[in-house]
1. Can you tell me how many residues in segment B:383-407 are of a type in the set (A, V, I, L, M, F, W, C), within 7 Å of chain A (Cβ to nearest Cβ) and in contact (Cβ under 8 Å) with a residue 24 or more places away in the chain?
2. Looking at B:K40, is it within 27 Å of the chain's Cα centre (by Cα) and surrounded by fewer than 22 Cβ atoms within 10 Å (Cβ to Cβ)?
3. Which is farther than 14 Å from A:V244 by Cα, in contact (Cβ under 8 Å) with a residue 60 or more places away in the chain and either of a type outside the set (D, E) or in contact with a Pro (Cβ under 9 Å, 6 or more places away or on another chain) (or both), of A:S200, A:S205?
4. Can you find, within segment B:311-344, the residue that is nearest to B:G7 (Cα to Cα) among those that are within 14 Å of chain A (Cβ to nearest Cβ) and crowded, with 23+ Cβ neighbours inside 10 Å?
5. Is at least one residue of segment A:363-375 in contact (Cβ under 8 Å) with a residue 60 or more places away in the chain, in contact with a Gly (Cβ under 8 Å, 6 or more places away or on another chain), outside any strand (DSSP E or B) and within 14 Å of another protein chain (Cβ to nearest Cβ)?
6. For segment B:62-112, which positions are within 13 Å of chain A (Cβ to nearest Cβ) and of a type outside the set (D, E, K, R)?
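The values are calculated or read from the model by the stated rules, or taken from the named source; none is laboratory data. All values derive from a computational prediction rather than experimental measurement. All Cβ positions, even for glycine, are placed from backbone atoms using ideal geometry, and neighbour counts span all protein chains on display.
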Number of protein chains: 2
Amino acid sequence: MSTMLTGACIIGQSGGPTAVINASAYGVIRTALDLECITKVYGAANGIKGVLDDKLYDMGLEDAEELRLLMNTPSSELGSCRYKMSDPEKDSTDYDRILEIFKKYDVRYFFYNGGNDSMDTCDKISRFMEKSGYECRVIGVPKTIDNDLYGTDHCPGYGSAAKYIATTCAEVYKDAHVYDVGMIAVIEIMGRHAGWLAGSSALASLCGCGPDLIYLPETDFDMDRFISAAEGIYRERGNCIVAVSEGIHYADGSFVSEAKTSATDGFGHAQLGGLAALLAAAVKERTGAKVRGIELSLLQRCAAHLASKADMDEAFLAGKTAVLSAVSGETGKMVAFERAYEQGRYACLTKLIPLDSVANLEKKIPAQWITPDGANVTQAFIDYALPLIQGEPERITENSLPRYARLKKILAK
Amino acid sequence: MSTMLTGACIIGQSGGPTAVINASAYGVIRTALDLECITKVYGAANGIKGVLDDKLYDMGLEDAEELRLLMNTPSSELGSCRYKMSDPEKDSTDYDRILEIFKKYDVRYFFYNGGNDSMDTCDKISRFMEKSGYECRVIGVPKTIDNDLYGTDHCPGYGSAAKYIATTCAEVYKDAHVYDVGMIAVIEIMGRHAGWLAGSSALASLCGCGPDLIYLPETDFDMDRFISAAEGIYRERGNCIVAVSEGIHYADGSFVSEAKTSATDGFGHAQLGGLAALLAAAVKERTGAKVRGIELSLLQRCAAHLASKADMDEAFLAGKTAVLSAVSGETGKMVAFERAYEQGRYACLTKLIPLDSVANLEKKIPAQWITPDGANVTQAFIDYALPLIQGEPERITENSLPRYARLKKILAK
């Protein structure tokens, strides 16, 4: 199909961390190290910034066992960045520099692991190299707990975050139901524009501990309706657990987290702080109930100790597929997932989609997967998300604490 | 040593939940069900309130396998309460009622599982029964994530919370170190008067991911020194992770969480919200760094998915020991732990201590286990806490979500 291309490769990580982004990096690194046509495997320090700064780690100098522990190590071990590349038509400085580095190290394969911004970076680099006549195959590896990438059934990183969220919500449910005097707990979950993460809290209903109310950015939020719903459930059942996306907004588009409520502290100041605290205060004012605002914060994106095995294996598969596809001649594509049911069992297949079909877009939860009252998800959502959280990876520990990869990170000369 | 006493027993749970309080309940229930001299095993709904309200579950009617799942189920499955008993000398109404219920069900053994307030309740009931000439053996089973009970080396519940805190701090450390631009993260941990929980964050240093600064209620907090220390570390290393007890206070005894800082939001209001948010805002004002305030909230006390096997086994042992001690004639005591090192390996032995020696007291971290600058714990603390977090219990799941006990909770007639 294409000529054999021999040269070095670079893997870079970008955007926010996940529990399994290093599993994708390992998928790339391990596969590339084992291929003859790939002469060197470099890890870029802090994503594309490592390329621009000529900071590349020589992954071939790492101990194989430590590399394997990347499967078990959360966050981006090579370092990440949030560097937005300019349009090469307007300013090609960065691209010229990247080309210079690629030539210096004879880089013929470039793999970039990230979300939609990173796929945009990937796309621009791919086009620039093509235009420059420098043969280099560029493949994107998807990553985001937000699960909002177009063209793929789901994203590596989502399943593990969803599993953490569902398990944590179940535990909070258990905790909140312990006293004879009940509680209203509001759990704030990441997701600025799409509710995949907050929706995953509904999986806890499978162990009888699901939230009573779930609010997503896909619908408009109404404070009065929320308070009435929470109060009704609290009066009836003695407790109410609420899961909310950080990105919920009013009908006018303004974020609830940025709005003022009538709730005040004892000094007459508006109650500030996170969204969970704000909603908890608002509902407390109306009901007088004991309330708790809980923000899952960074915990939900780095909880490798509760990773989904399906997610971890698929993250590795995405990295491996990227390398094998590039070697077979593909470029300018992102690895994507397709869901199949083989004899009724979930299976994850890979495919390639053009980078520009995914860059800078956001996939949201289909409207029909949200209940008509806008306060929960349907069984279809649960059927979608459940296979993605399956399986417990072996927990690799030392002193019963996580044993993460310890890389030497030796800079290439 | 004493006459055989035949009759029913009651187990009640009290105070805040832990990951393993139900393992202690199971230790009591399983052991009691298997003894001939114990004719019935009742679980009190919501602790002592269930006795007062004549709401007792007949544990003998439960399925044995579901009962066993109590080992795996966080929070207080029988329900808890925070009911403070009056002094029986002043008002014996509650005690008369308890005696009435004990007689009604022929209760000759009473086991109460909780912290120091609960041991006070236990002590009062024990004395009242003795004074009334009603033979009933009363044994307390310790429980608290706070680890602040006197007379015992440590408390069931602490080890699992400590393991959750250490693991979570390691994951946050990984997350906070991912970008080329650093972050100061402040992690707020439970513990109003004792710093055992916040101190356990130091265990993360064993996997290279410990907090840079740890502040405990055992020392006086100084905002300026904190900000200077955090800034120094941030400037030097690019990042700074801070763990704080919710109970840190200034030299005058006032809680930092209740004080105002000079930090304001954009509208000139004082920054409110939790302690983590307050400290993060204060340090941001001085350094301009990206900051994150993270409150572990309820998550740290109900995270059964990350329980310590040592803690879980010891929680069961405490319950079992309570029953065997009572049957052998003991009363008015609490089960306590003694640490031994057998051939260099940690072992946990049980003993009995008088209830009134533990009620209403709080054990703090020894001063010599805190570093002279008051901003960390010493190796002696780590040596103390590390054995308590060891071991991974089998994770019992269904659909890769926790499978908790589903009790029938059939009320006794």
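1. To start, the set of residues in segment B:383-407 that are of a type in the set (A, V, I, L, M, F, W, C) comprises B:385-386, B:388-389, B:396, B:401, B:405, B:407.
Filter once more, so that each one left must be within 7 Å of chain A (Cβ to nearest Cβ): B:386, B:389, B:401.
Cutting the leftovers down to in contact (Cβ under 8 Å) with a residue 24 or more places away in the chain gives us B:386, B:389.
The total comes to 2.
2. Numbers: within 27 Å of the chain's Cα centre (by Cα): no; surrounded by fewer than 22 Cβ atoms within 10 Å (Cβ to Cβ): yes.
No; evaluated as a whole, the condition is false for this residue.
3. Details: A:S200 fails: farther than 14 Å from A:V244 by Cα.
Answer to the check: A:S205.
4. That would be B:M312.
5. The answer is no; no qualifying residue exists.
6. Hits for segment B:62-112 are B:L69, B:L70, B:N72, B:T73, B:P74, B:S75, B:S76, B:L78, B:G79, B:S80, B:C81, B:Y83.
Listed here are the residues, each with its yes/no results for (1) in contact with a helix residue (DSSP H, G or I) (Cβ under 8 Å, 6 or more places away or on another chain); (2) over 20 Å from B:A304 (Cβ atoms); (3) touching a residue at least 40 places away in the same chain (Cβ under 8 Å).
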site	(1), (2), (3)
B:V20	yes, no, yes
B:L33	yes, yes, no
B:T39	no, yes, yes
B:V51	yes, yes, yes
B:D58	no, yes, yes
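Yes/no matrix, rows are residues, columns are (1) within 14 Å of chain A (Cβ to nearest Cβ); (2) under 14 Å from B:W369 (Cα atoms); (3) surrounded by fewer than 19 Cβ atoms within 10 Å (Cβ to Cβ):
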position	(1), (2), (3)
B:H193	no, no, yes
B:W196	no, yes, no
B:S200	yes, yes, no
B:L203	yes, yes, no
B:G208	yes, no, yes
B:D222	no, no, yes
B:Y234	no, no, no
B:G238	yes, no, yes
B:S245	no, no, no
